[in-house]
1. For SER4, SER64, what's the fewest-to-most ordering of other Cβ within 10 Å of each Cβ?
2. Can you put THR15, THR171 in order, fewest other beta carbons within 10 Å first?
3. Treat each spin label as a single point 7 Å out from the Cα along the C-beta direction, and report the ARG22 to THR146 distance in nm.
4. Using amide H atoms built in the peptide plane, which far-off residues or other-chain residues are under 5 Å from GLU21 H to H?
5. Principal axis extents for region 110-229, Cα atoms only, whole Å, descending order, please.
6. Which of VAL202, VAL43 comes first, and how do the rest follow, when ranked by fewest Cβ neighbours within 10 Å?
Amino acid sequence: MPQSWCRRAAELGYTTLGAAERSPLAALPSLRRAADESGIATVYGMEVALALPQGTGRKSGQPSEVAPALLLARDAEGMGNLMRLAATAYARWLSPEVAPLPWDALAKHTGGLALVLLGWDERGELSPIAGATAKKQPPWAGEIATAFAGHAYVGLPHAGREGDDDRASRTARAAEEAGLPIVAVPPARYLRPEDAPAYRAVRAARGLPFNGPDEGEHLRAPDEVAAMFAQWPGAVDNAARLAHECATGTASWQAPRTADEAAEHLRALAEKGPGAANGITPEM
């Protein structure tokens, strides 16, 4: 699969391809290998449901608002933190109630990461990010901006569907009030428009839920993306800069390319890393 994505991206004229999955660990070796073969730079990320920080205005014990978000690695430190967070986030996604990633868990590992808070989810429902239209900075904005030190964004997951222009406009206004820049994040869940039925069949075969309309969620050419975001050109420019920063910062990071290499890498970490002092052995 990564080979076909990288080939298609190169055909369309892209120089960088990003992947943000709920379980990024399994895809890393094959993605890196396919990207190298295609001459495509890579951005590594993870999709999460994030419990937003409550700020100082919320009552103790009041549930946190939850927003869909992407975590992207900007450098080697970010790759390490992405790996640390991946197991926790994926385990919560598999839970019956899809428990969100707690803000406190993320706040300890923000180094080298960029955060993209999405304005709406794959069902088209506006997230708390787009609902921040009270003409004042929302309670979570300041804490997130501080924790990510200039690397927090609000994403517009525009797929060209009915209502996406309105959702994007509302999200862009909310991002301005929150003091965060916007980025274009058009969802690409399959390669070509005619692949949509196969995508749905694969989800059904894997027992995954169908979360909403997926028309238009194919890998679009750059000029199509630019036209779709014509009202928000800054979102495309910011996305290009962020992709370049992430791809450049992680270019020297070496992912294990086979299962044997991954096992050997873990063995070395157990023997030489901090785990050895905590009783983790190569046999384990």
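All of the numbers you see were taken from the coordinates with simple rules; none came from a lab. Just so you know, these numbers come straight off a predicted model, no measurement behind them. No Cβ is skipped: glycine too gets one built from the backbone with ideal geometry, and neighbour counts run over all protein chains shown.
1. Values: SER4 12, SER64 17.
Sorted ascending by nearby Cβ count, the order is SER4, SER64.
2. Details: THR15 14, THR171 29.
Fewest-to-most ranking of THR15, THR171: THR15, THR171.
3. Label at ARG22, label at THR146, 3.3 nm between them.
4. Correct list: GLY45, MET46, GLU47.
5. 43, 29, 25
6. Values: VAL202 12, VAL43 24.
In order of increasing Cβ crowding within 10 Å: VAL202, VAL43.
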